[in-house]
Amino acid sequence: VGNYKRTVKRIDDGHRLCNDLMNCIHERARIEKVYAQQLTEWAKRWKQLVEKGPQYGTVERAWCAFMSEAEKVSELHLEVKGSLMNEDFEKIKNWQKEAFHKQMMGGFKETKEAEDGFRKAQKPWAKKLKEVEAAKKAYHAACKEEKLAISRETNSKADPALNPEQLKKLQDKVERSKQDVLKTKEKYEKSLKELDNATPQYMENMEQVFEQCQQFEEKRLRFFREVLLEVQKHLDLSNVASYKNIYRELEQNIKTADAVEDLRWFRANQGPGMSMNWPQFEEWSADLNRTLSRREKKKASDGVTLTGINQTGDQVSQPNKHSSSLSVQSNTVQSVQSSYNPFEDEEDTGSTVSEKEDNKIKNVSSYEKNQSYPTDWSDEESNNPFSTDANGDTNPFDEDTPPAMEVRVRALYDYEGQEQDELSFKAGDELTKIENEDEQGWCKGRLDNGQVGLYPANYVEPIQ
């Protein structure tokens with residue numbers, strides 16, 4: 001009695017399992033979406049790197065085919081996400097709504113119907129069972145009383161102190177207890193027989209309600225199997241023709257990479273086969289042949305302004321007659337950011353390629369296809385522009401300006417040398433000024449390690 005509650009509870013569990021399955025599918029759909037976004041971001045970033053990098057020709061196209069594959073697979077995974085949410089998730093949600101009906105007082109209508117059906121089927125048999133329990137209890141009590149009466153009678157026969165009248169009472173009690181045992185036994189057997197007779201009908205009624213619950217649960221189990229098969233079809237990309245085509249196309253693109261063709265292209269465009277600009281005889285012209293110094297060229301060229309000046313300590317910028325910005329040739333400005341490791345995990349912000357990633361794009365590849373190469377050349381073994389030869393020739397930066405007294409100075413700001421003849425130092429570093437400021441605002445100095453070069457005059461201050 002009462003064990004039907006396990007079957008009734010299964011209805012409530014069915015409703016909860018629908019919620020669990022929906023949550024399971026929803027989480028998988030979110031994973032598919034995030035994966036698709038990450039594929040797209042990866043493809044976008046690396047496509048830019050490869051296109052800007054030094055790789056060329058058919059191998060470049062083969063490499064870029066991986067990014068095309070990622071974009072197409074990303075679209076397929078977005079389709080998977082859409083199928084999971086728009087079809088499977090909604091199907092479970094609608095089926096749950098149709099299969100389970102909530103009541104005003106809480107619980108589900110199906111649960112109450114099952115509970116009432118089991119209770120109604122069990123009630124007559126439970127009543128007879130209760131009578132059997134009562135009859136059994138009475139019979140067992142009578143048997144206990146009979147045994148006690150017989151024990152007392154037996155003991156009294158051995159007791160000479162008891163008179164015949166007392167002994168007669170004990171014998172009468174034994175007789176009555178035996179009659180009670182017979183009566184209660186007969187009643188117990190009768191109630192038990194009635195219970196046995198009612199059992200088949202009880203079983204039939206209970207099984208009828210149980211079958212109704214089985215049918216309801218069967219619908220849920222079959223529905224779950226059907227939904228899981230549909231989910232499997234949506235997740236399985238191996239049978240999707242477009243998915244196979246993606247990798248068939250990727251394989252073809254990679255196989256079309258031809259080293260011979262790429263080398264031929266490089267020879268024709270970047271090697272001996274390219275159009276040559278051989279030196280031609282040029283007439284002298286006073287205007288065209290006027291020699292410009294290195295710093296005059298720098299002043300005349302288009303440039304950018306360095307504005308990232310970091311001041312340290314308690315130093316406060318002093319009013320200066322010179323500009324606090326430095327104009328340098330634009331193609332010499334290089335990034336001083338730390339190198340980017342493309343295999344380093346990043347936090348998932350859920351957004352597309354961030355500005356931080358855009359900055360990384362500029363720093364991953366060390367060269368670009370259209371990189372301009374310097375045309376200056378020298379047949380000297382040493383490429384140190386500051387060294388002097390054995391004949392005592394001065395370095396190429398010596399000019400007609402008179403030498404200055406050496407003065408110790410301290411750097412106010414960080415400065416990264418943009419050309420080979422410029423010094424690099426940090427704010428607070430000390431160096432020696434060996435030549436006064438020129439008209440472009442440059443001084444010549446020497447670091448403590450012996451390196452000699454130029455630096456902006458307004459980046460340092462004399463040490464008092």
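The values are calculated or read from the model by the stated rules, or taken from the named source; none is laboratory data. Because the structure is a prediction, the values reported are computed rather than measured. Please note: Cβ atoms are built from the backbone with ideal geometry, for glycine as well, and neighbour counts cover all protein chains shown. What goes into the accessible areas is simple: the full protein's heavy atoms, side chains included, and nothing from ligands, DNA or RNA. Shrake-Rupley method; radii C 1.70, N 1.55, O 1.52, S 1.80 Å.
One equal scatterer on each Cα of the stretch 126-179, no solvent, Debye formula: the resulting log10 I(q)/I(0) at q = 0.14, 0.24, 0.25, 0.31 Å⁻¹ is -0.47, -0.85, -0.89, -1.09.
Count Lys and Arg as plus one, Asp and Glu as minus one, and take only other residues whose Cβ is under 15 Å from that of residue 245; the net charge is then -3. Rg then Dmax, both in Å and based on the Cα atoms of the stretch 407-462: 9.7, 27. The label point for residue 256 and the one for residue 424, both projected 7 Å from the Cα toward the Cβ, are 4.3 nm apart.
The trypsin sites (Lys or Arg not before Pro) of the stretch 402-458 that meet both conditions, a loop assignment by DSSP and at most 12 other Cβ atoms within 10 Å of the site Cβ, are 426.
For the stretch 20-104, the per residue solvent-accessible surface stands at 56 Å², with DNA, RNA and ligands left out and a 1.4 Å probe. The portion of the accessible surface of the stretch 109-208 made up by carbon and sulfur, rounded to a whole percent, is 54 (1.4 Å probe; DNA, RNA and ligands excluded).
Report the gain in length on full extension from residue 131 to residue 224: 0.36 nm times residue separation, minus Cα-Cα distance, nm rounded to one decimal. All intermediate terms of the calculation are to be shown ahead of the outcome.
Numbers: separation 93, 0.36 × 93 = 33.48 nm, distance 4.51 nm.
Stretched out fully, the residue 131 to residue 224 stretch lengthens by 29.0 nm.
To the nearest 10, the accessible area of residue 199 is 40 Å² with a 1.4 Å probe. Counting protein heavy atoms only, the stretch 42-90 has 54 percent of its accessible area on carbon and sulfur, 1.4 angstrom probe. Remark: the stretch 109-208 carries 74 Å² of accessible area per residue (probe radius 1.4 Å; ligands, DNA and RNA excluded). In the stretch 212-252, the convex hull through the Cα atoms has an average projected area of 2.8 nm², a quarter of its surface area. The residue 408 and residue 283 beta-carbon pair, evaluated with R₀ = 41 Å, returns a calculated FRET efficiency of approximately 0.20.
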